[in-house]
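The values are calculated or read from the model by the stated rules, or taken from the named source; none is laboratory data. A quick note: this is a predicted structure, and the numbers were derived from the prediction, not measured. So basically every Cβ, Gly included, is an ideal-geometry build from the backbone, and we count neighbours across all protein chains shown.
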Amino acid sequence: MARLRQHASLRRFGDPIPSSRQIMGELGVGPVTVRRAVAQLVAEGLLTTRPGLGTFVSRPTTRAAPDTDWQHVSLGASPVEPAGLDMIIRLRDTEALPLASGYPEPAIRPDGRIAAAMARAARRPEAWSTPPQAGLPELRAWFAKQIGVDQEDVFITPGCQGALSATMRGLLPSGSPVLFATPTYPGALAVARSAGLVPIAVPCDSHGIRPDLLERAFATTGARLLYLQPTFSNPDGHVLASERRASVLAAAAAAGAFILEDDWARWLGHGPTPPPPLARDDDGGHVITVTSLTKAAAPSLRVGALAARGPVWHRIASMRLVDDFFISRPLQEAAVDLVTSAGWGSHLRTLSASLRHRLEVLRAALAKHLPVCPYDIPAGGICLWLELPAGVDEDVVVERALAHGVAVTPGRIYLIGESERSHLRLSFASIDVGAIDTAIRRLARAVGES
């Protein structure tokens, strides 16, 4: 792409650029790469193609910037609140060593298996026709088995994020309170705030949400929804203690409330099999479970599921219908192919071992370069919740770390309200394992300068 831009910049309007064959020989790339690069520059208006003649430099166009001040009046007070997601994306798109991104790097993804599954899915009969509204029966059945519910309780979603959005908007009118076990996932906070809901923190400790504080929060706020990640919570990786599960369910039942169980990390354990989803202990239809293949497979495999019982199932399914009708059938077919193949179990075992090894390398680097920063060992997941020394500003550390070539996220975007201490979330899934020590050494330098 850069070389094509250079060719165009050295020529005048109407001049031809070298042929595709010449460019292929010059750069050592294939025809598909050249076609895509040319198409991109044509779309940008830098080049124009003439069938049978070649590709030429376009006439430069200048367009005055429109006066868009009127939009501030028309938009009013925008309710869309990214809640830190914009920062995560900004940090992800830098060239710094990535300790901010939550997606697994290619080395631990089953990209080859997914590509093969997609190819087979595209050739299946009716692959490009409309799928059943709730999703392919085979995929619903597979997710139902993983969650521990009936197939009829499940419908397919575009990952967890879309399911969280449909659930919160479908259940609660604007202005309603919603409880969050904190620290929590910023994407769920973004959904709540953008829907006009009022997030209220219920603190967790190393054993998960505190039932005594949860009961008090339900009683004082009148909230009818709790957002909870009971398995490998983001950002600290804790698991809700088995002795607390019944108390959490009882608190929701007494309040006549729902629990939105975000089971995003079901397949990201570091060792023993994690506890089953909270939905399996629910006899009253209070738990709504969402889960996804995205983190265990690949970022663009946007396939997940939601399980609920009773009228709430129809409410959320209707909201999903309003949002986007259905999930791409080829994507669902590929997901079925992937998770029912003989290689899926092998991939999950390899993924678990890799995440465990990465965490060990990260802990060794922290002990070597940042021994003054405490943390709890995550039971699973892809991140570690690091506490900074007293008086250290986490935002300053984030910016200085970026200047030193490592990207981390500040703890404040995972919290609601004030915090007594500063934190950083360190993700160890998206970075090459050999670069972890270097990343922590750079981070230590940033902490020392703050």
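Taking segment 181-207 as the range and being part of a strand (DSSP E or B) and either under 20 Å from the mean Cα position of the chain (by Cα) or within 24 Å of Leu85 (Cα to Cα) (or both) as the test, the residues that pass are Ala181, Thr182, Val198, Pro199, Ile200, Ala201, Val202, Pro203, Cys204. Within segment 207-220, residues that are in contact (Cβ under 8 Å) with a residue 24 or more places away in the chain have Cβ atoms under 6 Å from residues that are β-branched (Val, Ile, Thr) and not in a helix (DSSP H, G or I) in these pairs: Ile209/Val202; Leu214/Val202; Ala217/Val202, counting only partners at least 6 apart in sequence or on another chain.
Just the residues that are small (Gly, Ala, Ser), assigned to a helix (DSSP H, G or I) and surrounded by fewer than 19 Cβ atoms within 10 Å (Cβ to Cβ), please, taken from segment 393-408.
Ala403
Among the conditions (1) free of Cβ contacts under 8 Å to residues at least 40 places away in the same chain; (2) on the phi > 0 side of the Ramachandran plot, Gly405 misses just one, which is (1).
Mind checking which residues of segment 247-266 are among the aliphatic types (A, V, I, L, M) and within 30 Å of Pro299 (Cα to Cα)? Those that are among the aliphatic types (A, V, I, L, M) and within 30 Å of Pro299 (Cα to Cα): Ile259, Leu260, Ala265. Among the residues of segment 265-285, not a single one is surrounded by 23 or more Cβ atoms within 10 Å (Cβ to Cβ), of a type in the set (Phe, Trp, Tyr) and within 22 Å of the chain's Cα centre (by Cα). Just so you know, in segment 251-291 the residues that are in contact with a helix residue (DSSP H, G or I) (Cβ under 6 Å, 6 or more places away or on another chain) and aromatic (Phe, Trp, Tyr) include one that is nearest to Arg224 (Cα to Cα), and it is Trp264.
If you take the residues of segment 231-248 that are assigned to a helix (DSSP H, G or I) and either at pLDDT below 95 or not β-branched (Val, Ile, Thr) (or both), which of them is surrounded by the most Cβ atoms within 10 Å (Cβ to Cβ)?
The residue in question is Arg245.
So, Ala439, is that one surrounded by fewer than 22 Cβ atoms within 10 Å (Cβ to Cβ) and in a helix (DSSP H, G or I) or not? Here the answer is no, as Ala439 does not meet what is asked.
Annotation note: Cβ proximity below 7 Å between a residue of segment 353-380 that is assigned by TED's automatic domain parsing to the domain that holds Trp267 and a residue that is among the aliphatic types (A, V, I, L, M) (sequence gap 6+ or interchain) occurs for no pair. Output the residues belonging to segment 329-343 that are touching a Pro at 6+ places or on another chain (Cβ under 8 Å) and not aliphatic (A, V, I, L, M). Within segment 329-343, Arg329, Gln332, Gly343 qualify. Residues in segment 391-404 that are more than 23 Å from the chain's Cα centre (by Cα) and not charged (D, E, K, R): Gly391, Val392, Val396, Val397, Ala403, His404. In segment 439-450, the residues that are without any contact (Cβ under 8 Å) to a residue 12 or more places away in the chain form no Cβ pair under 7 Å with any partner that is of a type in the set (Ser, Thr, Tyr), whether six or more places apart or across chains. If the condition is being in a helix (DSSP H, G or I), under 19 Å from the mean Cα position of the chain (by Cα) and of a type in the set (Gly, Ala, Ser), then segment 302-356 contributes Ala335, Ser352. Exactly one residue among Leu260, Leu240, Leu278, Leu226 is more than 30 Å from Ala121 (Cα to Cα), without any contact (Cβ under 8 Å) to a residue 60 or more places away in the chain and either touching a Phe, Trp or Tyr at 6+ places or on another chain (Cβ under 8 Å) or of a type in the set (Lys, Arg) (or both), and that residue is Leu226.
Of all positions in segment 326-334, none carries a residue that is more than 28 Å from Gly170 (Cα to Cα), in the same structural domain as Trp128 (by TED's automatic domain parsing) and surrounded by fewer than 23 Cβ atoms within 10 Å (Cβ to Cβ).
Assessment of segment 232-242 against the conditions (under 25 Å from Arg169 (Cβ atoms) and touching a helix residue (DSSP H, G or I) at 6+ places or on another chain (Cβ under 8 Å)) yields at least one matching residue.
It is to be established whether one or more residues within segment 157-167 are surrounded by fewer than 21 Cβ atoms within 10 Å (Cβ to Cβ), not assigned by TED's automatic domain parsing to the domain that holds Leu415 and not polar (S, T, N, Q). Among the residues of segment 157-167, not one is surrounded by fewer than 21 Cβ atoms within 10 Å (Cβ to Cβ), not assigned by TED's automatic domain parsing to the domain that holds Leu415 and not polar (S, T, N, Q), which makes the answer no.
Here Ala134, Ala141, Ala96 are screened, and the one residue that is surrounded by 13 or more Cβ atoms within 10 Å (Cβ to Cβ), modelled with pLDDT of 85 or more and touching a Gly at 6+ places or on another chain (Cβ under 7 Å) is Ala96. Among (1) of a type outside the set (A, V, I, L, M); (2) over 19 Å from Gly162 (Cβ atoms); (3) at pLDDT below 95, which single condition is Arg224 missing? Of everything listed in (1) of a type outside the set (A, V, I, L, M); (2) over 19 Å from Gly162 (Cβ atoms); (3) at pLDDT below 95, Arg224 misses just condition (3).
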